[in-house]
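Let me begin by presenting the structure, written as structure tokens, before commenting on it.
Here, each number is a calculation from the coordinates, and none is a lab measurement. Note that the coordinates shown come from a computational prediction; the quantities given were computed from them, not determined experimentally. Cβ placement follows ideal geometry from the backbone for every residue including glycine, while neighbour counts extend to all protein chains displayed.
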Amino acid sequence: MNKPSKPNKRVPKKASAKVSHKPKESNRQSTITASSQSAAYFQHHKLMAKDSLGRLLQNPFASTMTWLVLAIALSLPMTLYLALENIKQLSHSWDQSSQISLYLKANTLPRFAQELSDNLENWPELSSVDYIDPDKALADFSRSTGLSDVIEGLDDNPLPAVISILPKLSSTDMDGLTQLQQKLEKLAHVESVQLDLLWVQRLYQFMELGQRMVWALAILLGLAVLLIIGNTIRLSIESRRDEIRVVKLVGGTDAFVRRPFLYTGVWFGLGGGIIAWILISAGLYWLSGPVKELVSLYGSDFQLIGLGLADSLLLILDAVVLGWFGAWLAVSKHLSSIEP
């Protein structure tokens, strides 16, 4: 006998049930964009800059000593450069030293001397012409030497009439000045022509020698700065050798490991440049008073030239570049020998 069949029970389908094949949020792969890479790169640079500065400030005595040594090495060539610049500024008035004096013959009448002076004023080679008669020359000599009592006792005036000439030529143009001197010697009523620029030539040669000394000293002390920073970075690398091994072991690249040491070199260079600027500025301020009093005795308005904005920025920038380059040389040499 057949058993009655059981009624089929239909399982109701969920109307809105759909199988979702979307991956979970935790299984999604993050997309690395160029902007995120750039942000991470600059963030790491910022972090390394702060970390390297913090390490320097943790040992203030040693860092200060290194900064002072760098500042002294940087300030020496800059001081010599400023000295030459001040001499150049002072030498602008030395163009007056190319002044030519025409001594007229003793029997020259005043009207002939004045006519000669008037004719010389029309020469294109001359900037100014000043006629000094014998009486005026004797009075100037008496006032400048303080020998008025002796001069008053003279029977006759021994000084000749003089025509003071200032040529347009520079005091460094010796050929042109020599030709002008020979031309003036051929004039009537002229006894002699005096042109003495030998000491000016010597001074310009000393200035040229000083400029070369500045470059030589700057190169030598620049090398000294590189050696100082290189040795400091080498000691820092040795003290962090185990840390470098660990970073390399987890996949850190040489550029990653090199970065904090480069910032250490930059901080050393920046600090040394700023301290050098302070030392030079303080020295100039200390000397400005005595120099002002000295030049006032000679009736000059000369003032010391200090570090301008361009020179100050150049000093600090050079210090930073030397610090970075010295650190890069030291890290490149010693980092390859440290392997996990």
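Between THR33 and PHE61, what is the FRET efficiency for a Förster distance of 41 Å, r being their Cβ-Cβ separation, to the nearest 0.05? Don't jump to the answer; show the numbers that get you there.
On the way: r = 46 Å, r/R0 = 1.12.
It comes out at approximately 0.35.
Label GLN201 and VAL247 with points 7 Å out from Cα along Cα→Cβ: what is the distance between them in nm?
With each label point 7 Å from Cα toward Cβ, the separation is 6.2 nm.
So, in nm, how far is label LEU317 from label ILE219 when the simple model puts each one 7 Å beyond its Cα toward the Cβ?
Calculated label separation equals 2.2 nm.
Could you compute the net charge surrounding ILE280? Neighbours are other residues with a C-beta less than 15 Å from the C-beta of ILE280; K and R count +1, D and E count -1. All intermediate terms of the calculation are to be shown ahead of the outcome.
Details: positive: none; negative: GLU85, ASP311, ASP318.
Net local charge, ILE280 excluded: -3.
How much length, in nm to one decimal, is gained on full extension between ARG212 and SER192, taken as 0.36 nm per residue of separation minus their Cα-Cα distance?
Between ARG212 and SER192, full extension yields an extra 3.3 nm.
Say each of ASP175 and GLN43 gets a label point 7 Å from the Cα, pointing the same way as Cα to Cβ; how far apart are those two points in nm?
The modelled label-to-label distance comes out at 7.0 nm.
State the extension gain, in nm to one decimal, for the chain segment bounded by ALA255 and LEU309, taking 0.36 nm per residue of separation less the distance between their alpha-carbons.
Numbers: separation 54, 0.36 × 54 = 19.44 nm, distance 3.45 nm.
In short, 16.0 nm is gained.
Given a cut-off of 27 Å, name the pairs among LYS88/LYS136; LYS105/LYS183; LYS88/LYS186; LYS136/LYS186 whose C-alpha atoms lie farther apart than that in the structure shown.
Values: LYS88/LYS136 34 Å; LYS105/LYS183 17 Å; LYS88/LYS186 35 Å; LYS136/LYS186 25 Å.
Pairs exceeding the cut-off: LYS88/LYS136; LYS88/LYS186.
Efficiency by 1/(1 + (r/R0)^6): what FRET value for SER332 and VAL295, r their Cβ-Cβ distance, R0 = 45 Å, to the nearest 0.05? Walk me through the numbers before you get to the answer.
Details: r = 51 Å, r/R0 = 1.14.
My answer for the efficiency is 0.30.
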